[in-house]
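I have placed the structure first, in the form of structure tokens, so that the comments after it can refer back to it.
A short reminder: the numbers here are calculations on the coordinates, not readings from a lab. From a predicted model like this one, the values you see are computed outputs, not experimental measurements. No Cβ is skipped: glycine too gets one built from the backbone with ideal geometry, and neighbour counts run over all protein chains shown.
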């Protein structure tokens, strides 16, 4: 049976391209129909229409509000026909809202797998994402063959909300590394060290990381077309702050990147790739 997919932004497009390249039939829904006119998949007009055509439905949305709308709005996924189906939610959700999604989907006799992904467009196209799943182990094992088509590393944390919390923690590393690498690059240029050479040296020195490997060319070319946007990292770092507050745990190193990416959003650069934070330090 075909795989359903809701949310064809940058990451969603890359994942569906990967699945289609492996022979999977796809049925898709996107709120903005114009953005999917060029895609060669079966299209439906409402989320509910996916249910009759698919046993597994991916969600790849911006935030928990968007997930809530897809589930609960008129002609959304929550209906009697959902019984026995599985929702794989790739969205980086709020750590409390995701508990509600587990509960409400299961109350309709369906399965919900919380499954945030680590990585953006380039690894998604190659099937090299990392996924962390939370939910019932039998559901995870049942859909693991599909996850293996999009991910190189797959982890299961059975307790609901654990995968979401781990994704937020990971994105503190991501945002901190990106901000530090951008500042180091700008500093090297001000020392009359060519940018490409500085990045090469950082890549074998203290800057060696998956972040630098992924963003070196973007920094050299100053091509900030989005793979992972400033809006997305800003949202995630604020969710992390909320998590830490709930745990009564101060976050020291998170404060600076959170404010830096908030500034990028306020400068009207929210839709740019988060590597564009380099522009804050360059100027």
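Across the chain, Cα pairs under 8 Å and at least six residues apart give a relative contact order of 14 percent. Comparing Cα centroids, the stretch 1-67 and the stretch 207-257 end up 26 angstrom apart. So how tilted is helix 210-221 from the main axis of the chain? Cα-based, degrees 0 to 90, rounded to 10. With rounding to tens, the tilt is 60 degrees.
With neighbours defined as other Cβ atoms within 10 Å of a residue's Cβ, the residues 74, 96 order from fewest to most as 74, 96. Need one word for the stretch 1-134: rounded, prolate or oblate. Basis is the Cα gyration tensor (sqrt eigenvalues a ≥ b ≥ c); a/c below 1.5 gives rounded, then a/b vs b/c decides. In terms of gyration-tensor shape, oblate. Across all Cα pairs in the stretch 164-282, the calculated P(r) in 5 Å bins from zero up to the longest distance comes to 2, 12, 23, 23, 18, 13, 6, 3, 1, 0 percent per bin.
Could you calculate the contour length gain from residue 33 to residue 238, that is, 0.36 nm times the residue separation minus the distance between their Cα atoms, to one decimal place in nm? Could the numbers behind the result be given before it?
On the way: separation 205, 0.36 × 205 = 73.80 nm, distance 2.99 nm.
70.8 nm is the gain from fully extending residue 33 to residue 238.
Could you give the length gained on full extension between residue 22 and residue 266, defined as 0.36 nm per residue of separation minus the Cα-Cα distance, in nm?
Working: separation 244, 0.36 × 244 = 87.84 nm, distance 4.04 nm.
Answer, rounded to one decimal: 83.8 nm.
To the nearest 10 degrees, how steeply does helix 162-190 sit against the main Cα axis of the chain, on a 0 to 90 scale? Rounded to the nearest ten degrees, it is 30. Annotation: for a label point projected 7 angstrom from Cα along Cα→Cβ of residue 125, residues of the stretch 15-49 with backbone N closer than 14 Å are 15-19, 21.
State whether the stretch 107-201 is rounded, prolate or oblate according to the following rule on the C-alpha gyration tensor (a ≥ b ≥ c being the square roots of its eigenvalues): a/c under 1.5 gives rounded; otherwise a/b larger than b/c gives prolate, and the remaining case gives oblate.
Numbers: a/c = 4.62, a/b = 2.52, b/c = 1.84.
Cα axes put the stretch 107-201 in the prolate bin.
When a/c is below 1.5 the answer is rounded, else prolate if a/b is larger than b/c, else oblate, so apply that to the chain with a ≥ b ≥ c taken from the square roots of the Cα gyration tensor eigenvalues. Verdict is prolate for the chain.
On the beta carbon distance between residue 213 and residue 80, with R0 = 51 Å, the FRET formula returns roughly 0.60. Here the relative contact order of the stretch 57-98, from alpha carbon pairs under 8 Å that lie six or more residues apart, stands at 60 percent. Once the Cα atoms of helix 97-107 and of the chain are each reduced to a long axis, what angle between those two axes, in degrees from 0 to 90 to the nearest 10, is obtained? For 97-107 against the chain, the angle is about 20 degrees.
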